[in-house]
Amino acid sequence: MAIDASDISRKMVQAAADSLKGKWPSIRDFAEAEFKHLAETLALIVRLKAEGKITEDQAKLHLDIQKNTTRMVLLTAEGLSLLAVETAINAGLKVVRDTINSAIGFALI
């Protein structure tokens, strides 16, 4: 099952924006770019798993790497705490969890 990275990105950005409310205007550009990368990574992971090119463990590792990158970029935004960043990332992933997990066939998120 192919994943529409643009649709996934849009959903994650909206969830993160809702989560970060007042801070959103100051980090919007960074956050949108990072959630776009995260969505593209999720689509790639799903495709590679479907093609038998990565294992479940490798898929989880790839997701962890991208989440760490997203975390680091968002933490550079002035005034954002680790808790706020984690909450935003988790909110973004929560809205796409069922779609991604169903497409990949196991609980990636």
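See the values below:
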| item | result |
| --- | --- |
| Highest-first arrangement of 78-85, 31-38, 44-51, 56-63, where packing means the average Cβ count within 10 Å | 31-38, 44-51, 56-63, 78-85 |
| Of all accessible heavy-atom area on the chain, the percent that carbon and sulfur account for (1.4 Å) | 53 |
| Listed candidates (1) 22, 15, 11; (2) 19, 16, 14; (3) 25, 13, 11 - label of the one calculated as semi-axes √(5λ) of the Cα gyration tensor in Å | (3) |
| Accessible solvent surface per residue of the chain, calculated while the other protein chains remain in place, 1.4 angstrom probe, Å² | 56 |
| Distance violations [Cα-Cα > 28 Å] among Lys21/Lys53; Lys21/Lys49; Lys23/Lys67 | Lys21/Lys53; Lys21/Lys49 |
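The values are calculated or read from the model by the stated rules, or taken from the named source; none is laboratory data. As the structure is a prediction and not an experimental result, all values here were calculated from the model. Reconstructed Cβ throughout: ideal geometry from the backbone, glycine too, with neighbour counts over all protein chains shown. Only protein heavy atoms, including side chains, enter the accessible area calculation; ligands, DNA and RNA are left aside. Shrake-Rupley method; radii C 1.70, N 1.55, O 1.52, S 1.80 Å.
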